[in-house]
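Just so it is clear, none of the values below were taken in a lab; they were calculated from the coordinates. Since the structure is predicted, the reported quantities are computational estimates derived from the model, not experimental observations. Cβ atoms come from the backbone with ideal geometry, glycine included; neighbour counts cover every protein chain shown.
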Protein chains: 2
Amino acid sequence: MEIDYSTIKVIGFDADDTLWVNETYFREAELEFAKLLSGFETPNKIDQELFKKEIGNLPLYGYGIKAFTLSMVECALELSNYTLPNATIEKILNIGKNMLNKPVELLDGVEEVLEQLSKKYRLILATKGDLLDQERKLEKSGLTTYFHHIEVLSDKQNANYSKLLNHLDINPSEFLMVGNSLKSDVLPLVNIKAKAIHVPFHNTWAHEMVTQKETSGKKYETINTLRDLLKMV
Amino acid sequence: MEIDYSTIKVIGFDADDTLWVNETYFREAELEFAKLLSGFETPNKIDQELFKKEIGNLPLYGYGIKAFTLSMVECALELSNYTLPNATIEKILNIGKNMLNKPVELLDGVEEVLEQLSKKYRLILATKGDLLDQERKLEKSGLTTYFHHIEVLSDKQNANYSKLLNHLDINPSEFLMVGNSLKSDVLPLVNIKAKAIHVPFHNTWAHEMVTQKETSGKKYETINTLRDLLKMV
């Protein structure tokens with residue numbers, strides 16, 4: 001599988017779990033939520049119901065911590081059969097607030113890689129989630145200077161990326177996306193004939209999982225660490 | 001006050017209360033919220049406390065309906081002294097969901113104006129709030145075709161607009177912003193030497209109010225209806 005990276009002009013980086021830790025904080029929040037509701041259901045059931053609630057609310061709320069917090073509140077009301085103490089609801093709101101206030105923990109090699117690549121390419125940050133939250137994380141990260149700008153996408157499907165390329169006024173072959181999610185950062189790009197490189201993170205949200213069938217025959221490469229990028233582009 | 005609009009290349013339109021009704025829905029939601037809590041406080045006090053809560057949460061939550069919903073829940077817990085029935089919390093969540101599901105009601109002349117201007121200029125939608133919500137409203141509005149793309153800004157201060165112009169690769173004198181909020185759509189543009197035209201809407205959120213002192217001597221024009229734009233640019 002020979003992939004020609006020489007046509008690239010712009011590189012898009014996913015943010016959460018590609019540049020910095022994120023999914024880990026959601027997992028911690030889910031554990032805390034299950035603990036708060038342990039009087040009503042088993043941890044497993046709570047996990048499943050919260051996931052269902054998040055997916056059900058996705059079309060209306062979209063991604064991000066505010067959406068997640070609203071889904072936790074709604075899920076808790078139902079799981080408790082509407083007998084939830086007010087103090088527990090306040091604790092749920094605080095789980096969300098604490099997530100928004102988390103420090104940014106950069107993944108290995110990030111700064112070095114961005115510094116090198118920003119000399120040769122226009123870099124953009126292309127992420128889902130809340131705009132304000134992502135801007136805040138970018139600022140906390142100290143990486144602002146390497147990016148031309150930040151693009152927050154409401155979703156990361158083929159059409160969202162086509163719109164993005166249109167907005168950037170570039171051809172698909174001139175765009176490379178780098179990210180940890182096959183579903184969101186890799187396959188849609190391959191579908192629209194842009195390029196993508198996969199950098200797995202140790203945790204993946206169930207909603208971002210893909211089957212082997214979906215990746216089979218798709219033209220993209222996987223690297224172990226962001227540092228490997230420097231050998232490729 | 002002579003303003004030269006001949007240098008303009010890109011026109012940014014605010015969305016909420018400039019192209020379509022928005023503040024009206026927030027006012028309705030606030031009334032509904034006050035009704036739900038009428039057993040605990042006077043409508044006036046409830047209004048004041050909700051406003052305080054929203055402003056307090058702005059740095060963390062930003063703008064938009066999800067932020068507003070979370071602030072309503074938190075405010076209700078406090079106003080009830082943590083004795084809020086679970087059913088009321090569910091109703092508050094539903095106020096937010098209903099707002100997200102509202103139809104889009106275009107203001108007078110919008111389509112005609114955009115259609116004319118899109119032939120001469122690159123138009124962008126520049127708005128605060130939730131990205132997904134704004135994308136959905138743009139889609140429902142049927143106006144998508146007139147805009148090059150949508151820019152959701154986490155805030156609308158001088159620095160946000162400077163970043164936007166940088167991202168658009170244009171000079172301040174080449175950008176005109178059109179919107180209903182002096183604070184968010186007009187004054188920051190005048191400050192960074194771009195151009196702005198004010199189209200007032202009959203309702204203004206208290207947070208968007210400015211004093212006469214802030215506008216005195218500032219170089220911008222006010223029009224009564226969006227249609228007047230066609231005589232100016």
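Under the shape rule built on the C-alpha gyration tensor, where the axes satisfy a ≥ b ≥ c, region B:67-186 is prolate, since a/c reaches at least 1.5 and a/b is greater than b/c.
Beta bridges per DSSP, both residues in the protein assembly as shown: antiparallel share near 5 percent. According to the square roots a ≥ b ≥ c of the eigenvalues of the Cα gyration tensor, what is the shape class of region A:185-233, taking rounded for a/c under 1.5, prolate for a/b larger than b/c otherwise, and oblate for the remainder? Because a/c hits 1.5 or more and a/b fails to exceed b/c, region A:185-233 counts as oblate.
For chain B, the longest principal axis of the alpha carbon atoms and the long axis of helix B:23-36 meet at an angle near 10°.
Normalised by 2.2 N^0.38 Å, where N is the number of residues, the alpha-carbon radius of gyration of the protein assembly as shown equals 1.02. Amide H contacts of A:H149: A:L125, each under 5 Å away and 5 or more positions distant or on a separate chain (H built 1.01 Å from N in the peptide plane; Pro and chain starts excluded). Dimensions of region B:23-100 based on its C-alpha atoms, expressed as ranges along the principal axes with the largest first, amount to 28, 24, 22 Å. Mind pulling the angle between the C-alpha long axis of helix A:86-100 and the longest principal axis of chain A? Nearest 10 degrees, somewhere in 0 to 90. The helix A:86-100 is inclined about 10 degrees to chain A. Rg and Dmax of chain A, both derived from C-alpha coordinates alone, stand at 18.9, 61 Å. If R0 is taken as 30 Å, the Cβ-Cβ distance between A:H167 and B:L31 corresponds to a FRET efficiency of 0.20. Computed from the Cβ-Cβ distance with R0 of 51 Å, the FRET efficiency linking A:F51 to B:K231 stands at 0.40. The distance from the alpha carbon centre of region B:154-213 to that of region A:4-19 is 32 Å, rounded to a whole number.
Please check which bits of region A:7-48 a label hung off A:K193 would reach, taking the label as a point 7 Å along Cα-to-C-beta and the cut-off as backbone N under 19 Å. Once the point is set 7 Å along Cα→Cβ of A:K193, A:7-10 turn out to lie under 19 Å by backbone N, inside region A:7-48.
So in chain A, what percent of DSSP beta bridges are antiparallel if you round to the nearest 5? Please list the in-between numbers first.
Details: 1 of 20 bridges.
Roughly 5 percent of the beta bridges in chain A run antiparallel, per DSSP.
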